[in-house]
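This report concerns only the one structure given below.
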Amino acid sequence: MKKIYLSCLLFAPLFMNAQTEIDGIMMSKNNFCFGAVYQQSTWDEYWEGTFKRENLNLGTVSTKSVTLNGNYGVSDKLNIIFTLPYVETKASAGTMEGQKGLQDLSLTVKYMPFQKTIGKASYSLYVLAGFSVPVSDYSADYLPLSLGIKSKTASLRLMGDYQRGRFFTTLSGAYVKRANITIDRNSYYTNEMHYTDKVDMPDAISINYRIGYRSNRLIAEAVLDNWVTQSGGFDITKNNMPFPSNTMNALKIGVNTKYTLKKIPALSIIGGCNFVTQGRNIGQSNTFYGGLLYNINLKKAVKENEK
């Protein structure tokens, strides 16, 4: 399989894209890819449990973010990836003020233990271990305008990739473990009254499928993504605000693209969109993103500086 330089590819920004982690490509050894991605998501209808509705006290809720990305190739089979988003939220109606600030730092170790070519087809297996932690003191109990849910998370993902010529397909699944959080009040109601500031957060399962075209200069793919909250969540009660430990399910479809410039092969342009088609206790959002990524061979750069 040809070695390709990797493009460091609701209510809260809970389902923000992680373009770098779950593609079937590895960053080459001693290469570092970094860049920034701008993303905007909007919705004016949401699911209150399974009931779809609008809320004139919110109008259109928008989330904008600029995310710094980095991916370092420790070896051809081991990558370390980080993302750090700056997020701004806003509602077009009502009295709730939007929030802005740094959200959560995410670190992912991506390992490819198996790769084999049979005839004209290549098969690869990946294991990804991830961790995220809030980096600012934002309020989680301010949905739908919170920057996030302020829960430390750990995830384990298994991923398989098949490529024949320039056609490829990738399937992955992850279990996301979420730590409990503390909110700024000493009681709250879910399905029962809780006299505490501690909130038990339900875990989640993420399934991602993508299919498309992959070459050295162009990647174009269609994506199907399903996020399912596990036991422990509950539905938004009638005409009430959402809560961090709500069940939040989302089925999304989208398109991702990456183009590497011919005259500047270290520079890539990425862009894409996704749409929530089905959900539970989340907004039916439309999301668009675009960004620039730059790849540098650190070992080569060090040798050139020593000359």
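Just to be sure I understand, how many residues within segment 179-200 are out of contact with any Pro (no Cβ under 7 Å at 6 or more places or on another chain) and either within 28 Å of Arg157 (Cα to Cα) or not in a loop (DSSP other than H, G, I, E, B) (or both)?
Total meeting the criteria: 9.
Could you check segment 138-162 and list, in sequence order, the residues that are of a type in the set (Phe, Trp, Tyr) and more than 21 Å from Leu107 (Cα to Cα)?
Tyr142, Tyr162
If I filter segment 77-112 down to residues being of a type in the set (D, E, K, R) and more than 15 Å from Lys152 (Cβ to Cβ), which single residue comes out as surrounded by the most Cβ atoms within 10 Å (Cβ to Cβ)?
Checked segment 77-112; the qualifying residue surrounded by the most Cβ atoms within 10 Å (Cβ to Cβ) is Lys110.
Residue check: is Asn295 of a type outside the set (A, V, I, L, M, F, W, C) and part of a strand (DSSP E or B)?
In short, yes.
Residue by residue through segment 189-221, note down the ones that are closer than 30 Å to Thr257 by Cβ and touching a Gly at 6+ places or on another chain (Cβ under 6 Å).
Ile207, Ala220, Glu221
Tell me which of these His194 doesn't satisfy, since it passes every other one: (1) surrounded by 14 or more Cβ atoms within 10 Å (Cβ to Cβ); (2) under 24 Å from the mean Cα position of the chain (by Cα).
His194 satisfies all of (1) surrounded by 14 or more Cβ atoms within 10 Å (Cβ to Cβ); (2) under 24 Å from the mean Cα position of the chain (by Cα) except (2).
Hey, any hits in segment 213-234 for a residue that's more than 18 Å from Phe288 (Cβ to Cβ) and in contact with an Asp or Glu (Cβ under 7 Å, 6 or more places away or on another chain)?
Checked segment 213-234: at least one residue is more than 18 Å from Phe288 (Cβ to Cβ) and in contact with an Asp or Glu (Cβ under 7 Å, 6 or more places away or on another chain).
For segment 101-111, does any single residue satisfy the condition of being touching a helix residue (DSSP H, G or I) at 6+ places or on another chain (Cβ under 7 Å) and part of a loop (DSSP other than H, G, I, E, B)?
yes
Rundown of residues vs (1) modelled with pLDDT under 95; (2) in contact with a strand residue (DSSP E or B) (Cβ under 7 Å, 6 or more places away or on another chain); (3) assigned to a strand (DSSP E or B); (4) over 25 Å from Leu292 (Cβ atoms), yes/no style:
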| site | (1), (2), (3), (4) |
| --- | --- |
| Tyr46 | no, yes, yes, yes |
| Lys52 | no, yes, yes, yes |
| Asn57 | yes, no, no, yes |
| Thr63 | no, yes, yes, no |
| Val66 | no, yes, yes, no |
| Ile80 | no, yes, yes, no |
| Pro85 | no, yes, yes, no |
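The values are calculated or read from the model by the stated rules, or taken from the named source; none is laboratory data. What you see is a predicted model, and the numbers here were worked out from it, not measured in a lab. No Cβ is skipped: glycine too gets one built from the backbone with ideal geometry, and neighbour counts run over all protein chains shown.
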